[in-house]
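Novice: Here it is, the structure, as structure tokens.
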Amino acid sequence: MPSVRDLRDRIRSLKNTQQITKAMKQVAAAKIRRADALQKQSRPYADAIGAMLRELIANVGSIDHPFMKPGREDAPGGIIVMTADKGLAGSFNANLIRAAEQHSRQNANLAWYAVGIKGRNALRRQSGETLQFWPLGQGDMLTTARELAARVSDDFINGRIGSLTLVSAQLVNMMTQRPEVRQLLPISKGDEERSTSGAVEFEPSPEFVLGRLLPKYLEFTLYSAMLETNASFYAAQLVAMSNATDNAKKLIDENTVEMNKARQAAITKEILEIVGGAEALAG
């Protein structure tokens, strides 16, 4: 059984840990509000540009744009792994990395792009070349999304990758964050029926309009995914730190009970020794 001193040191250590987790919980709660607000502000633009793109594609017979054409067959498939820069968020980063590993088992020839320090560290264990790395939470996120979109667009158009897949987090609610795997390039025309909302006129040409819209669509899709991954990370960290704080309190209570038992046992032992010595002297 641990001594009273050992239990007292353990309780002190647990209280220090509890103070850290409580502070991190408060920081995550403050940051999730801002991250969630940015994500919600971006949704109207994302919905509008997506609806505009579907409208244009549905009203164009043939589209001559590299994003709408299959990539080079012998080129590796590009995959963007989007994680957080930091940990202490439960299984958040591990779930994203596991989703990327499952995709890699189905597609052997891959070239990787890492967004987030945790993703970069995990890709060192994966086969295939990591073409470039960007941190998630450092600097302007929109600038990072533009750089990422420009790099993957150039690689796809020049045949260095044959497709592009994104692995990022989906924020379902504050308690649930799920990995999401979706193909970004080539953009599939799908089976949309031709729009019946009226004739659509293009000036100067459909190719010119889509040539300007498709890069913006890819850029903002990546930016929106970065915002959602960032918000998901803080939500996961908030839950993890809340659970860690509660568990620390339970352990403190349990160790306090054990310390009181050990102290009482020591006191009882001393009393018995005193009584036994007194009786021996009296005898």
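The values are calculated or read from the model by the stated rules, or taken from the named source; none is laboratory data. From a predicted model like this one, the values you see are computed outputs, not experimental measurements. Here the Cβ is made from the backbone with ideal geometry for all residues, glycine too, and neighbour counts use every protein chain on show.
Novice: Restricting to region 153-182, name every residue that is closer than 30 Å to LEU238 by Cβ and among the aliphatic types (A, V, I, L, M).
Specialist: Selection gives LEU166, VAL167, ALA169, LEU171, VAL172, MET174, MET175, VAL181.
Novice: Right, next: Report those strands (runs of 3 or more DSSP E) wholly inside region 92-190 carrying at least 1 residues which are modelled with pLDDT of 90 or more and on the phi > 0 side of the Ramachandran plot.
Specialist: none
Novice: Just wondering, is there one or more residues in region 23-40 that are touching a residue at least 60 places away in the same chain (Cβ under 8 Å), of a type outside the set (Phe, Trp, Tyr) and in a loop (DSSP other than H, G, I, E, B)?
Specialist: No: region 23-40 contains no residue that is touching a residue at least 60 places away in the same chain (Cβ under 8 Å), of a type outside the set (Phe, Trp, Tyr) and in a loop (DSSP other than H, G, I, E, B).
Novice: A further question follows. For region 121-154, enumerate the residues that are closer than 19 Å to ALA108 by Cα and basic (Lys, Arg).
Specialist: Result: ARG124, ARG125.
Novice: Ok, one more. In region 115-130, which residue that is buried (at least 18 other Cβ atoms within 10 Å of the Cβ) and out of contact with any Ser or Thr (no Cβ under 6 Å at 6 or more places or on another chain) is nearest to ALA145 (Cα to Cα)?
Specialist: VAL115
Novice: Considering only residues of region 90-112 that are buried (at least 24 other Cβ atoms within 10 Å of the Cβ) and among the aliphatic types (A, V, I, L, M), which is nearest to LEU238 (Cα to Cα)?
Specialist: Across region 90-112, the extreme among qualifying residues is LEU96.
Novice: Can you tell me which residue is nearest to PRO2 (Cα to Cα) among those in region 245-264 that are free of Cβ contacts under 8 Å to residues at least 12 places away in the same chain and not polar (S, T, N, Q)?
Specialist: Ranking the candidates gives LYS261 first.
Novice: Mind counting the residues in region 29-63 that are over 26 Å from MET141 (Cα atoms) and hydrophobic (A, V, I, L, M, F, W, C)?
Specialist: Adding up the residues that qualify gives 5.
Novice: Out of (1) touching a strand residue (DSSP E or B) at 6+ places or on another chain (Cβ under 8 Å); (2) hydrophobic (A, V, I, L, M, F, W, C); (3) closer than 30 Å to SER205 by Cβ, the odd one out for VAL115 is which?
Specialist: Single failed check for VAL115: (3).
Novice: Just to verify a result, which residue in region 266-280, among those that are surrounded by 10 or more Cβ atoms within 10 Å (Cβ to Cβ) and of a type in the set (A, V, I, L, M, F, W, C), is nearest to the chain's Cα centre (by Cα)?
Specialist: ALA266
Novice: Going by the structure shown, is ASP47 loosely packed, with under 14 Cβ neighbours inside 10 Å and free of Cβ contacts under 8 Å to residues at least 60 places away in the same chain?
Specialist: Spelling it out, ASP47 is indeed loosely packed, with under 14 Cβ neighbours inside 10 Å and free of Cβ contacts under 8 Å to residues at least 60 places away in the same chain.
Novice: Quick check on my filter: what residues within region 67-77 are surrounded by 15 or more Cβ atoms within 10 Å (Cβ to Cβ) and either part of a loop (DSSP other than H, G, I, E, B) or touching a helix residue (DSSP H, G or I) at 6+ places or on another chain (Cβ under 6 Å) (or both)?
Specialist: Residues satisfying the conditions are PHE67, GLY71, ALA75, PRO76.
Novice: To continue, here is another question. Do any residues in region 225-244 that are on the phi < 0 side of the Ramachandran plot and of a type in the set (S, T, N, Q) have Cβ atoms under 6 Å from those of residues that are surrounded by fewer than 24 Cβ atoms within 10 Å (Cβ to Cβ) and part of a helix (DSSP H, G or I), where the two are at least six apart or on different chains, and which pairs are they?
Specialist: From residues that are on the phi < 0 side of the Ramachandran plot and of a type in the set (S, T, N, Q), the pairs are ASN230/ALA35; GLN237/ALA28; SER242/LYS25.
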